[in-house]
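Written out below as structure tokens is the structure these notes cover.
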Amino acid sequence: MSSHDQSSSPPPLDLSAWRSVPTLLIVIGGVGALVGCITNTHQFAFSWLLAFMFFLSLCLGSLGMVILHHLFDASWSVPIRRFCEHIAFLLPVMAVLFIPIAILAPKIYPWMHMVETHTQDHSLLAKYPLFTFSGYYIGVVACFAVWGVLSYKLRYWSLEQDKTGAAECTRKMRQYSAAGIFLFALTLTLAAIVWMKALFEEWFSTMYGVWYFASSMWMAIFTIYFLATLLKRQGPLRGVATDKTFYFIGSLMFAFTVFYAYITFFQYFIIWNANIPEETFWFTVREKGTWWYVGMIIIFGHFFLPFLTLLRIDVKVRYQWLMLSLGVWAWLMNFFDMSFNIMPALHPNGFVLHWMDLACLAFFAGVLSKVFLKYLNSHPIVPQKDPRFAEAMDIYVAPESQMGAAKTGGGH
């Protein structure tokens, strides 16, 4: 740790009052969700789906970050890799939290009623066998199986690397990432189509999986910056997460802000240009009532505000309180984005912030944060023997051949 890091780092925050927050969220959110499930099952099903897809985007985005770290053999991301692995390993927990959706799926997806009544519909026949009961649940099992294996194995070999430092650990993580990037893309697209796009089964869009990927990465990267800043302030990453670390995270924030806007706009533009009723109706529904204003919030809040904020190079490093605020803002924008995609199926005439939405979000936040903190406190905060660790901290380590030659020369 350099003296510059010690002198420039602000004092730690007092977070002792926040330790009970996850438990409170679980209790309050759980009671609210239970009451909602009993009194209004239909609203509960959609509120639970909204919370699930919101937090799934965070977990999948973090898994994507870990995979990309190994594929590109990056050094700057070494200090943040461990807690990204922990967030990704929340996916098995998400599998358990999916159970209410699996049970209430017939109340959520209209096409399931058509399957039950053997209604002949072109939109269903075109998506056969995916839009069938067996196709739906086989897809659920396949998605969580792939995510569970990838998140577990990448984290397992990372922790093994802490113990042995063996090159085999690095090779294993790269191998799983090489195969995992294809499986990750396939299952993420499948999940976005079957769990979200299927709310309007007659709608066609070939860009929807890419949109959810962009949204997930955007959400995860802003959260990663927030956590890295907080952990540096509290001490665990002090002297480890350098200005270079925050600069590159900020650069990714900027890149995925633009990428998300590009995908979202061109999905709209291509559908608008083709003007096919099977596609345009999806946007027509979202121009009704207050959904129009939610769309404007997404345009200006999800793109223009972070885009203009991140244009300056020094913002990514010097104005960390601004970046922390931007991280909280990103969660709010992602909530509007998920609502814009899910809730018109329940509230077609306008945006409704139901108390059950907040209860389900609180329950998910409490459960996932509690498990995440358990992971965080049970293992080293950063990879201990990563071969790129010294490079991440801008420390030059001479190769063994040079060190051996220096010793031999000194002996003569």
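A short reminder: the numbers here are calculations on the coordinates, not readings from a lab. Keep in mind that what you see is a predicted model, and the values were worked out from it rather than measured. With ideal geometry, Cβ positions are generated from the backbone for all residues, glycine too; neighbour counts draw on all protein chains shown.
What does the charge count near ALA179 come to, summing +1 for each Lys or Arg and -1 for each Asp or Glu among other residues with Cβ under 14 Å from its Cβ?
It works out to a net charge of +4.
Within a straight-line Cα-Cα reach of under 12 Å, LYS316 can be paired with the following aspartates and glutamates, leaving aside sequence neighbours fewer than 8 residues apart in one chain: ASP243. The stretch between ALA74 and THR280, if pulled fully straight at 0.36 nm per residue, gains 70.0 nm over its current Cα-Cα span. Remark: the Cα gyration tensor places the stretch 236-346 in the prolate category, a/c being 1.5 or greater and a/b exceeding b/c.
The aspartates and glutamates within cross-link reach of LYS374, meaning a Cα-to-Cα straight distance under 14 Å and a gap of 8 or more places when in the same chain, are GLU85. The overall shape of the stretch 213-276, judged from the alpha-carbon gyration tensor, is prolate: a/c is not under 1.5, and a/b is greater than b/c. With R₀ set to 45 Å, the beta-carbon distance separating LYS385 from THR290 gives a calculated FRET efficiency near 0.25. When the chain is treated as a Gaussian network with alpha carbon springs shorter than 10 Å, the biggest mean-square fluctuation among ILE271, ILE138, ILE249 belongs to ILE138. Can you classify the stretch 22-162 as rounded, prolate or oblate using the Cα gyration tensor, where a ≥ b ≥ c are the square roots of its eigenvalues, rounded means a/c under 1.5, and otherwise it's prolate if a/b beats b/c and oblate if not? Because a/c hits 1.5 or more and a/b fails to exceed b/c, the stretch 22-162 counts as oblate. Just checking the listed ones, ILE381, ILE99, ILE221: in the Gaussian network model of the chain with Cα springs under 10 Å, the one fluctuating most is ILE99.
Here LYS288 is the anchor, and the aspartates and glutamates within straight C-alpha reach of less than 20 Å, apart from those fewer than 8 places off in the same chain, are GLU201, GLU202, GLU278, GLU279, ASP337. In the chain, the DSSP-assigned H stretches of four residues or longer account for a calculated mean residue ellipticity at 222 nm of -24000 deg cm²/dmol, using -39500 (n - 2.57) per stretch and the full residue count as denominator.
Label-to-label distance, PHE269 versus MET114, with points set 7 angstrom from Cα along the beta-carbon direction: 3.1 nm. Here are some values of Cα Rg over 2.2 N^0.38 Å: (1) 1.06; (2) 1.01; (3) 0.96. Which one was computed from this structure? The listed entry that was calculated here is (1).
Mean-square fluctuations from a GNM of the chain, with a 10 angstrom spring cutoff on Cα atoms, peak among ARG388, ARG318, ARG174 at ARG318. Neighbours of ASP314, meaning other residues whose beta-carbon lies under 15 angstrom from its beta-carbon, give a summed charge of +3 when Lys and Arg score +1 and Asp and Glu score -1.
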